[in-house]
Amino acid sequence: MNTIITRFPPSPTGYLHVGGARTALFNWLYARHTKGKFVLRIEDTDAARSTQASVDAIFEALEWLGIDWDEGPYFQSQRYPIYQEHIDKLIQTGNAYYCTCSPERLESMRAKAMATGKNPKYDGTCRGKDLPKSEKAVVRFKAPLTGTTLLEDVIKGNIVFQNDELDDFIIARSDGSPTYNFVVVVDDITMQINTIIRGDDHVMNTPKQILLYQALDAPLPVFGHVPMVLGKDRSRLSKRHGATSVTAYRDMGFLPEAVMNYLVRLGWSYGDQEFFTKNDLIEKFSLKNIGRAAGIFDQEKLTALNADHIQATPPEKLAHLLLPFLEKSGIHAKPGAFLVKIVKTLVQRSKTLEEMAQAASFYFAETIIYEEKAARKFLKPAARQALQFLMDALSTIETFTEENLENAFKSVMEKTGLKLGKIAQPVRVALTGKTASPGIFEITEIIGKEKVIQRLKQAVTYIEQITE
RNA sequence: GUCCCCAUCGUCUAGCCUGGUCCAGGACACCGGCCUUUCACGCCGGCAACAGGGGUUCAAAUCCCCUUGGGGACGCCA
């Protein structure tokens, strides 16, 4: 086989959504797996809806995901001369013609056809007229009236279309601009794209495009149509199902590798394996294992996978990635050994970076604000003495080590006759304000002698106040 | 309405092509238990599916047909 050349052709009319990202991933992965080429092309022929902001957003999302491209980005809006050339060619060869039917008449025909149970297609009014180029004329492709067109889909298998179901679709608008089905084919031919993996929703476009390839006398690429991504209610994924843009997941604290892993695994499988790194994916991805059924986007599974990827990421790297999330909650932390220690206590307890930042906040707090339930349950008179004893014991320790701390707690256990559990919880609340946290020795060490004693003191004072 | 696609636990899926090893395996979620200074992690166990009906066959989740259900496409959008 020759070099595989795939492409991703988003239209810049919004952010990159997870469905689009998934097809980008399939194409990119296939190119990388086969040591082929991946081309990025921006389909901005709809001047009214395309924006530079969307173009930027798409680049940003692709880069975040770790998808790079070997060629492009090409912009269709800059390729009009090429399209014009091909339109002229089709007219010359008799494969296309000018049509002056008004949009209004077409629209009413369509409505009528649908209402009467007919296939809404162009009736061919101008097909045989051989009209000259004129102000308001569009260009239509002259599609065959009979016969069949075969789509040999690598994912779905063979699909046969009756040509009489197709119609003479428009390839150039009245203002001269080319339309989608046409530019896609011209681009894919001229960019030598030989493998097209795209969403299911393009299946019905494919016979038209195949006809165009034939009329343009170009070899057919390999087509593979992947099933769609659906929302919880099995309808097409949209905003009302929750976040759909790739960058939204970035902002919620998901790792790019987790999103990549999840998206690819949704509709593709490799035996029972669930966890994949980027390199795993490149190594193992194949078109063969793409499923045929649509899949539902499940944020819970993504979240679980994200937790796995967090655990697989070196703490040093996580610390760096955590910074913006800490910043967002008003914590100006610095990267370094201190933060790495903190991260290490939190990896097992955080499913997202956002969660991790939340969980880390007590390490940085000036004063601890107690959760009401936590304080009520543990900061009671019965705990006062233990806290006081611990304070005394800790103040004699030079440097906090796990061993030191354990001894200090032991001495408090002996003096009070309380079990560790009875002591640890009030201390936990004193140090974190909450009933759940990383190990008590760990956090004590990280928070440090000065602050620990300060917080214990605060707790003792609190207990004294409420007892009055 | 017309055309096209799809159909295994709630969800993602393995198995289907090359029928028997499947009274269907894994993962997420959920429910128990263990571990334990809390919460997590981890470990152990549990719940839970071949949409229905016909064929073909000694034998069907696997092959064929129909029904049903779901999705998609029918633009001078992409």
Would you check if A:Gln192 is closer than 21 Å to A:Thr23 by Cβ and assigned to a loop (DSSP other than H, G, I, E, B)?
-> yes
Give the range A:132-141 a look and list any residue that's assigned to a loop (DSSP other than H, G, I, E, B) and closer than 21 Å to A:Leu212 by Cβ, or say none.
-> A:Lys133, A:Ala137
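Would you point out the residue of the range A:89-107, among those that are part of a helix (DSSP H, G or I) and surrounded by 14 or more Cβ atoms within 10 Å (Cβ to Cβ), that is farthest from RNA strand B (Cβ to nearest atom)?
Of everything passing the filter in the range A:89-107, A:Lys89 is farthest from RNA strand B (Cβ to nearest atom).
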Does at least one position in the range A:160-178 carry a residue that is more than 9 Å from RNA strand B (Cβ to nearest atom) and in a helix (DSSP H, G or I)?
-> yes
Screening A:Ala113, A:Ala137, A:Ala143 for residues that are in contact (Cβ under 8 Å) with a residue 12 or more places away in the chain, in the same structural domain as A:Asp168 (by TED's automatic domain parsing), surrounded by 11 or more Cβ atoms within 10 Å (Cβ to Cβ) and within 9 Å of RNA strand B (Cβ to nearest atom) leaves only A:Ala137
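One line per residue, one yes/no per condition, for (1) among the polar types (S, T, N, Q); (2) within 16 Å of RNA strand B (Cβ to nearest atom); (3) in a helix (DSSP H, G or I):
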residue	(1), (2), (3)
A:Ile210	no, yes, yes
A:Pro219	no, no, no
A:Leu263	no, yes, yes
A:Glu274	no, yes, no
A:Asp280	no, yes, yes
A:Lys288	no, yes, yes
A:Lys301	no, yes, yes
A:Pro324	no, no, yes
A:Glu327	no, no, yes
Could you tell me whether any residue of the range A:388-396 is without any contact (Cβ under 8 Å) to a residue 24 or more places away in the chain, closer than 24 Å to A:Met356 by Cα and surrounded by fewer than 18 Cβ atoms within 10 Å (Cβ to Cβ)?
-> no
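Take A:Asp188 and decide whether it is in contact (Cβ under 8 Å) with a residue 60 or more places away in the chain, closer than 24 Å to A:Ala293 by Cα and within 13 Å of RNA strand B (Cβ to nearest atom).
Numbers: in contact (Cβ under 8 Å) with a residue 60 or more places away in the chain: yes; closer than 24 Å to A:Ala293 by Cα: no; within 13 Å of RNA strand B (Cβ to nearest atom): yes.
It is false that A:Asp188 is in contact (Cβ under 8 Å) with a residue 60 or more places away in the chain, closer than 24 Å to A:Ala293 by Cα and within 13 Å of RNA strand B (Cβ to nearest atom).
The values are calculated or read from the model by the stated rules, or taken from the named source; none is laboratory data. Just so it is clear, the structure is predicted and the values come from calculations on it, not from any experiment. In this analysis, Cβ positions are derived from the backbone assuming ideal geometry, glycine residues included, and neighbour counts consider all displayed protein chains.
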